[in-house]
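Trainee: Dropping a structure here in structure tokens format, bear with me for questions.
The values are calculated or read from the model by the stated rules, or taken from the named source; none is laboratory data. Owing to the predicted nature of the structure, the values given are computational and were not obtained by experimental measurement. Heads up, the Cβs are rebuilt from the backbone with ideal geometry, glycines too, and the neighbour counts pull from every protein chain shown.
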Amino acid sequence: MRIIACLLLLLLSAPTARADVTRSHAITVLGTPALPPNFPHYPYVNPDAPKGGTVTLGHVGTFDSFNPFILRGTSAFGLTSPWIILPGGSGSGTSVGHVWESLLTGSADEGSTAYGHLAEVIELPADKMWVAFELRPEARFSDGSPVTADDVAWTYRTLLAQGRPSFKIQYADVGEVVVEGPRRVVFHFKSNQNRDLPLIVGSLPVLPKHFFQGRDFARPLTDTPVGSGPYKVASFELGRSVTYTRDPNWWAAKRPTGIGTNNFDKVKVEYFRDGTVAMEAFKAGQIDVRSENVSKNWATAYDFPAVKAGQVIKKSFPHQLPNGIQGYAMNTRRGVFSNRLVRQAIAEVFDFEWSNKTLFYGAYSRTQSYFSNSELASTGLPSAAETALLEPFRASLPEAVFKTEFAVPVTDGSGNNREQLRHALDLLREAGWTVKDRKLVDASGQQMGFTILIDEPSLERPSLPYTQILQKLGIDAKVRTVDPAQYQRLTDDFDFDMIMIVYGQGDVPGNELRDYFSCAAAKAPGSMNVAGVCDPAVDTLVETIVTAQEKGPLINAARALDRVLLNNWYLVPNWGSLEYHIAWWDRFARPDKPIRDGINFDSWWLDSAKAAITDAARGRQ
């Protein structure tokens, strides 16, 4: 009887499949996965794509570390990023990177959905108070050791303790992580209100505990890392180049999430200190493929002989992604930007129409929403549902949130935006600033001045004319260009006046909004809250979005948040585009199927016949 009682107790306490627990191959937010459990491969790849060849990429900047998860150091390109970085922060890849992988991985043709990768099975109970992942038995690190549940738990705890502060924001709703077996790990949640949390913890990069033990995780890593991804670091010269080789023993090569992807044997990244030099390297055939984010280059710089001869292909890829917003972010931690009227005046005098005509060759449209190209963007006046969300904060919100449709001023493009300048001066006077001896000064006679910090010389082109407009108001506005490593240090510490920032958005926004706009993120070095937004209305609306369980309430909360952010003028809204510009030497083949992301370079492969012709033309052996 004692034996039977013990067995019953074990059965009752052990984790078992229950009717209220869903076992699945994928997780999605407010929808259903498009691909069934037995899907053979992603529909946008060529499952028979040949493997082989070398691709050389260019990257502007430097690096001194192979640990991208900490504040210290500048990590190498490609570890946790796609091979091609697209404007808006998007990437032509679907996983966490090429060296380290995550429990789940996304699809380039589907939004807010992730499929089991390192994880074979995902379990989610009806009350959504936890999520469990069962790892694939074949999952291996590049040194042959298995990926275990202990690695997952160790990674989570290490990133919270020693990683970038943003990890604490992302995983704030996780209560604990429990290892229930060699291949089973469970994340227990503090509540079931955070709709995205199972997807967020599923995107956790899984690091090898045995590799990092004995190393100081918080210090820049200069040893060759051990990962579980399709590529390994083969060789490198810090600050100059890094070469990745395809792992012939990659555990996921024949998995549905791996078939037809990562087809190059070798990927070499050459570093350049200047974008102009990188462009010249591409023209000379030293770089194979390039994402172009400078409209002037796209309009005028691709007329060299190789393009005319058809050896270089130039193509625009339309995408169907939400654009988010790009703009000059004003650091409200600085006294000069603490007043909303000052921020509005500074934003309103930016002459987009002149810039688009004169500098951008008409390539862009003006961004006027934090959720642009999305049904979440606010339009017109607030609806009744939006007003109900905003009403508790009416006393602290700008009146325009309730009574005026947000719109940035539109000029005639002549460069003489006198009407905008006059209105800006009215706002500045209302904020306590006056013009004396052609200088905008406060009550103590101190002139207003600030610096736009940038890390790309190409950004000087729109920034310098903008400072000239600001100088007409009597503002001592300057532009300072620094190298990417210094830029990262300054922005991580919020040691700047104004920078250009991109806030990317997905179809279903969630936890990333905390990192963008919450009070907690405003105090966390390295967060994306570069403007220092700290507002009870914003915090409440962000949490309403994060916890929304249905699409309607989510849309209402997102539009209300959009209105609050726009009318507080944290950014000078910039510009955007609904297509990506890519140029490449004609040595690749790619699937023909158009995809939602526009481009997925991980699905391309080397066409040996084309490569032989192109390489001969540019003198490569």
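Trainee: Could you check ALA345 against (1) over 30 Å from ARG559 (Cα atoms); (2) over 25 Å from the mean Cα position of the chain (by Cα) and say which number it fails?
Mentor: Evaluating ALA345 over (1) over 30 Å from ARG559 (Cα atoms); (2) over 25 Å from the mean Cα position of the chain (by Cα) leaves (1) as the failure.
Trainee: Quick check on LEU453: is it outside any helix (DSSP H, G or I) and touching a residue at least 12 places away in the same chain (Cβ under 8 Å)? Steps first, please.
Mentor: Working: outside any helix (DSSP H, G or I): yes; touching a residue at least 12 places away in the same chain (Cβ under 8 Å): yes.
Criteria met by LEU453.
Trainee: A further question follows. Tell me, which strands (runs of 3 or more DSSP E) wholly within the range 1-94 include 1 or more residues that are closer than 30 Å to HIS581 by Cα and modelled with pLDDT of 95 or more?
Mentor: Numbers: elements: 21-24, 26-28, 54-60.
Correct list: 54-60.
Trainee: Can you find even one residue in the range 97-119 that is within 16 Å of the chain's Cα centre (by Cα), more than 30 Å from PHE272 (Cα to Cα), part of a loop (DSSP other than H, G, I, E, B) and of a type in the set (S, T, N, Q)?
Mentor: Yes, the range 97-119 has at least one match.
Trainee: Would you be able to say whether some residue in the range 596-604 is under 25 Å from GLY53 (Cα atoms), touching a Lys or Arg at 6+ places or on another chain (Cβ under 8 Å) and of a type in the set (A, V, I, L, M)?
Mentor: No: the range 596-604 contains no residue that is under 25 Å from GLY53 (Cα atoms), touching a Lys or Arg at 6+ places or on another chain (Cβ under 8 Å) and of a type in the set (A, V, I, L, M).
Trainee: For SER191, indicate whether it is over 23 Å from LEU135 (Cβ atoms) and either surrounded by fewer than 21 Cβ atoms within 10 Å (Cβ to Cβ) or at pLDDT below 95 (or both). Talk me through it step by step, then tell me what you get.
Mentor: Values: over 23 Å from LEU135 (Cβ atoms): yes; either surrounded by fewer than 21 Cβ atoms within 10 Å (Cβ to Cβ) or at pLDDT below 95 (or both): yes.
Criteria met by SER191.
Table: residues versus (1) without any contact (Cβ under 8 Å) to a residue 40 or more places away in the chain; (2) assigned to a helix (DSSP H, G or I); (3) farther than 19 Å from LEU197 by Cα; (4) in contact with a helix residue (DSSP H, G or I) (Cβ under 7 Å, 6 or more places away or on another chain).
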site	(1), (2), (3), (4)
ASP507	no, no, no, no
ARG514	no, yes, no, yes
ALA531	no, no, yes, no
ASP539	yes, yes, no, yes
ALA560	no, yes, yes, yes
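Trainee: Show me the helices (runs of 4 or more DSSP H) found entirely inside the range 217-318 where at least 2 residues are of a type in the set (Lys, Arg) and more than 23 Å from the chain's Cα centre (by Cα). It would help to see each step written out before you state the result.
Mentor: On the way: elements: 275-283, 295-300, 305-308.
Here the list is empty.
Trainee: Then there's this: Looking at the range 601-621, I want the residues that are outside any loop (DSSP other than H, G, I, E, B) and have a partner that is loosely packed, with under 15 Cβ neighbours inside 10 Å with Cβ atoms under 7 Å, at least 6 apart or on another chain. Which pairs are those?
Mentor: From the range 601-621, the pairs are TRP605/PRO50; LEU606/GLY52.
Trainee: Here is a follow-up. When you go through ASN568, ASN529, ASN574, ASN556 one by one, which is the residue that is more than 30 Å from LYS478 (Cα to Cα), among the polar types (S, T, N, Q) and surrounded by 19 or more Cβ atoms within 10 Å (Cβ to Cβ)?
Mentor: Among ASN568, ASN529, ASN574, ASN556, only ASN556 is more than 30 Å from LYS478 (Cα to Cα), among the polar types (S, T, N, Q) and surrounded by 19 or more Cβ atoms within 10 Å (Cβ to Cβ).
Trainee: Still on this structure, please answer the following. Which one of these does ALA329 not meet: (1) of a type outside the set (D, E, K, R); (2) touching a helix residue (DSSP H, G or I) at 6+ places or on another chain (Cβ under 6 Å); (3) surrounded by 18 or more Cβ atoms within 10 Å (Cβ to Cβ); (4) not in a helix (DSSP H, G or I)?
Mentor: ALA329 satisfies all of (1) of a type outside the set (D, E, K, R); (2) touching a helix residue (DSSP H, G or I) at 6+ places or on another chain (Cβ under 6 Å); (3) surrounded by 18 or more Cβ atoms within 10 Å (Cβ to Cβ); (4) not in a helix (DSSP H, G or I) except (2).
Trainee: Which number in (1) at pLDDT 95 or above; (2) aliphatic (A, V, I, L, M); (3) more than 20 Å from THR158 (Cβ to Cβ); (4) buried (at least 24 other Cβ atoms within 10 Å of the Cβ) marks the one condition that LEU103 misses?
Mentor: All conditions are met except number (3).
Trainee: Criterion first (surrounded by fewer than 22 Cβ atoms within 10 Å (Cβ to Cβ), over 28 Å from TYR570 (Cβ atoms), free of Cβ contacts under 8 Å to residues at least 40 places away in the same chain and not basic (Lys, Arg)) does PHE317 satisfy it? Spell out the reasoning first.
Mentor: Values: surrounded by fewer than 22 Cβ atoms within 10 Å (Cβ to Cβ): yes; over 28 Å from TYR570 (Cβ atoms): yes; free of Cβ contacts under 8 Å to residues at least 40 places away in the same chain: no; not basic (Lys, Arg): yes.
Here the answer is no, as PHE317 does not meet what is asked.
Trainee: Taking only pairs six or more apart or across chains, which ones have beta-carbon atoms under 6 Å, a first residue in the range 562-583 that is farther than 18 Å from VAL502 by Cβ and touching a residue at least 12 places away in the same chain (Cβ under 8 Å), and a second residue that is crowded, with 24+ Cβ neighbours inside 10 Å and polar (S, T, N, Q)?
Mentor: ARG563/SER378
Trainee: Can you tell me which residue within the range 379-394, out of those that are assigned to a helix (DSSP H, G or I) and among the small types (Gly, Ala, Ser), is surrounded by the fewest Cβ atoms within 10 Å (Cβ to Cβ)? Steps first, answer last, please.
Mentor: So in the range 379-394, the residues assigned to a helix (DSSP H, G or I) come out as 384-394.
Now restrict to residues that are among the small types (Gly, Ala, Ser): 384-385, 388.
Values: ALA384: 7, ALA385: 15, ALA388: 12.
Here the residue is ALA384.
Trainee: Among the residues of the range 131-180, what is the count of those that are closer than 19 Å to GLY229 by Cβ, in contact (Cβ under 8 Å) with a residue 40 or more places away in the chain and in a strand (DSSP E or B)?
Mentor: Qualifying residue count for the region: 3.
Trainee: For the range 309-343, what are the residues that are of a type in the set (Ser, Thr, Tyr) and in contact with a strand residue (DSSP E or B) (Cβ under 8 Å, 6 or more places away or on another chain)? Break it down stepwise before answering.
Mentor: Step one: of the range 309-343, the residues of a type in the set (Ser, Thr, Tyr) are 316, 328, 332, 338.
Residues satisfying the conditions are SER316, TYR328.
Trainee: Report yes if VAL178 is modelled with pLDDT of 95 or more and buried (at least 22 other Cβ atoms within 10 Å of the Cβ), otherwise no.
Mentor: Numbers: modelled with pLDDT of 95 or more: yes; buried (at least 22 other Cβ atoms within 10 Å of the Cβ): no.
So VAL178 fails the test.
Trainee: A further question follows. List the pairs whose first member sits in the range 104-116 and is among the β-branched types (Val, Ile, Thr), whose second member is not in a loop (DSSP other than H, G, I, E, B), and whose Cβ atoms are under 8 Å apart, counting only residues at least 6 apart or on separate chains?
Mentor: So the pair list comes out as THR105/ALA114; THR105/TYR115; THR113/ALA26; THR113/ILE27; THR113/THR28; THR113/GLY106.
Trainee: Could you please find all residues in the range 456-488 being without any contact (Cβ under 8 Å) to a residue 24 or more places away in the chain and touching a helix residue (DSSP H, G or I) at 6+ places or on another chain (Cβ under 7 Å)?
Mentor: The answer is none; no residue qualifies.
Trainee: Now for a separate question. Just a yes or no: is a residue in the range 109-121 closer than 25 Å to ARG290 by Cβ and either in contact with a helix residue (DSSP H, G or I) (Cβ under 8 Å, 6 or more places away or on another chain) or among the charged types (D, E, K, R) (or both)? Write out each step before concluding.
Mentor: At the first step, the residues of the range 109-121 found to be closer than 25 Å to ARG290 by Cβ are 109.
From what's left, either in contact with a helix residue (DSSP H, G or I) (Cβ under 8 Å, 6 or more places away or on another chain) or among the charged types (D, E, K, R) (or both): 109.
Within the range 109-121 (the criterion being closer than 25 Å to ARG290 by Cβ and either in contact with a helix residue (DSSP H, G or I) (Cβ under 8 Å, 6 or more places away or on another chain) or among the charged types (D, E, K, R) (or both)), the answer is yes, since at least one residue qualifies.
Trainee: Restricting the search to the range 26-47, which residues are under 22 Å from the mean Cα position of the chain (by Cα) and of a type in the set (Val, Ile, Thr)?
Mentor: Once the filter is applied, which keeps residues that are under 22 Å from the mean Cα position of the chain (by Cα) and of a type in the set (Val, Ile, Thr), the range 26-47 yields ILE27, THR28, VAL29.
Trainee: Still on this structure, I have one more. Given (1) touching a Ser or Thr at 6+ places or on another chain (Cβ under 8 Å); (2) at pLDDT 95 or above, identify the lone condition not met by GLU579.
Mentor: In the conditions (1) touching a Ser or Thr at 6+ places or on another chain (Cβ under 8 Å); (2) at pLDDT 95 or above, GLU579 misses (2) alone.
Trainee: Name, by its number, the condition in (1) in contact with a strand residue (DSSP E or B) (Cβ under 7 Å, 6 or more places away or on another chain); (2) outside any strand (DSSP E or B); (3) in contact (Cβ under 8 Å) with a residue 60 or more places away in the chain that does not hold for ILE499.
Mentor: If we test ILE499 against (1) in contact with a strand residue (DSSP E or B) (Cβ under 7 Å, 6 or more places away or on another chain); (2) outside any strand (DSSP E or B); (3) in contact (Cβ under 8 Å) with a residue 60 or more places away in the chain, just (2) comes out false.
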